[in-house]
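Beneath this line is the structure, given in structure tokens, with notes to follow.
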Amino acid sequence: MAWAKEGHEAAFRELVRRYERPVFSLLYRMVRDRALAEDLAQETFIKVLNGIKSYRPEFKFSSWIFKIANNAGIDHLRRKSLDTLSLDGSPDAATPEEMGATALQLGDKAETPLQELEARELGTVIERAIARLRPEYRACILLRHVEGYAYEEIAEMLDLPLGTVKTYIHRARNELRGYLADKRE
Amino acid sequence: MNPTPMPHLTSEEIELWAQGILGAARAMHLADCSLCRAEAEQERKVILELAQLRRFAPSPDFADRVMAKVRIPTRSGEFTP
Ligand SMILES: [Zn+2]
């Protein structure tokens, strides 16, 4: 990453280009709102690039970005009450019927094009199942199975003990299995 | 005489198996144990679904908006401590 420290605009742009999709995707799946996820992703990159001098080379660069992105996402979710987060309407929509009832609104013509896009992108069975996980589980499972990071790296990124990361990922997979089975019966 | 049964696969071993990288000796257990086999199949389905999730793109002007707010160090190196 020495070239980034040189600080040429082209190098910064290349970093944004390389990481914008994974970072945006993680945040989008955490907050389920495109505009908000873009704001948080923007905040992440600005923090990373303006703070590039404090980057420690012994830390993987991608880990550093994801650490800042995850903090931005989790901070936001903590500030905001959980019951407005999910496209499913309420996180208490415990049964497939309840989820189905709220899902009907997704095709509503009154929606803005952006909301329609969000419904299309995050409306699949697996995306809805991910949305129902606790944010901490969600971050862990996305970093593990979507981004492919090792448990140790995730523990470092999220400032969690290794054992906790393993437990979260194991529980998250179990919960996903439950949701997926429910929806496919 | 039957050989001593091998212990069930751990969660981490199942994850390795789902990724196709569990050692053959432990993977053999799946042939004999329907319990682990059922568990492993379910885990593999979830892991595969997650691995196939798409990567979303932010708006096309995302990089421009970021760059507008980033301090670009000059070639003369003003951006040094
Ligand atoms: Zn077994």
From the option list B:L35, B:L53, single residue qualifying as at pLDDT 95 or above, within 14 Å of the ligand (Cβ to nearest atom) and of a type in the set (A, V, I, L, M) is B:L35
Filter the range B:31-70 down to the residues that are farther than 23 Å from A:I141 by Cβ, in a helix (DSSP H, G or I) and either of a type in the set (V, I, T) or within 10 Å of another protein chain (Cβ to nearest Cβ) (or both) and list them by number. B:F62, B:A63, B:D64, B:R65, B:V66, B:M67, B:A68
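Return yes or no: is B:Q19 within 12 Å of chain A (Cβ to nearest Cβ) and either over 15 Å from A:R177 (Cβ atoms) or within 13 Å of the ligand (Cβ to nearest atom) (or both)?
Against the criterion (within 12 Å of chain A (Cβ to nearest Cβ) and either over 15 Å from A:R177 (Cβ atoms) or within 13 Å of the ligand (Cβ to nearest atom) (or both)), B:Q19 qualifies.
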For the range A:32-78, which residues satisfy the criterion of being basic (K, R) and assigned to a helix (DSSP H, G or I)? A:R34, A:K47, A:K53, A:K67, A:R78
On the basis of being touching a helix residue (DSSP H, G or I) at 6+ places or on another chain (Cβ under 6 Å) and assigned to a loop (DSSP other than H, G, I, E, B), does B:L9 make the cut? yes
Counting only residues that are within 8 Å of the ligand (Cβ to nearest atom) and in contact with a Leu (Cβ under 8 Å, 6 or more places away or on another chain), which one in the range B:5-16 is farthest from the other protein chains (Cβ to nearest Cβ)? B:H8
Within the range B:18-25, can one find any residue that is outside any loop (DSSP other than H, G, I, E, B), surrounded by 11 or more Cβ atoms within 10 Å (Cβ to Cβ) and under 19 Å from the mean Cα position of the chain (by Cα)? yes
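Please determine, by comparing only the residues of the range A:148-170 that are buried (at least 16 other Cβ atoms within 10 Å of the Cβ) and at the interface with chain B (Cβ under 10 Å from one of its Cβ atoms), which one is nearest to B:Q42 (Cα to Cα).
Pass one, the range A:148-170, residues buried (at least 16 other Cβ atoms within 10 Å of the Cβ): A:149, A:151, A:153-158, A:160, A:165-166, A:168-170.
From what's left, at the interface with chain B (Cβ under 10 Å from one of its Cβ atoms): A:151, A:166, A:169-170.
Values: A:Y151: 21, A:K166: 18, A:I169: 15, A:H170: 13 Å.
Filtering the range A:148-170 for residues that are buried (at least 16 other Cβ atoms within 10 Å of the Cβ) and at the interface with chain B (Cβ under 10 Å from one of its Cβ atoms), the one nearest to B:Q42 (Cα to Cα) comes out as A:H170.
The values are calculated or read from the model by the stated rules, or taken from the named source; none is laboratory data. The structure presented is a predicted model; accordingly, all values stated were derived computationally and were not measured. Cβ sites come from the backbone with ideal geometry, for glycine too, and all protein chains shown count toward neighbours.
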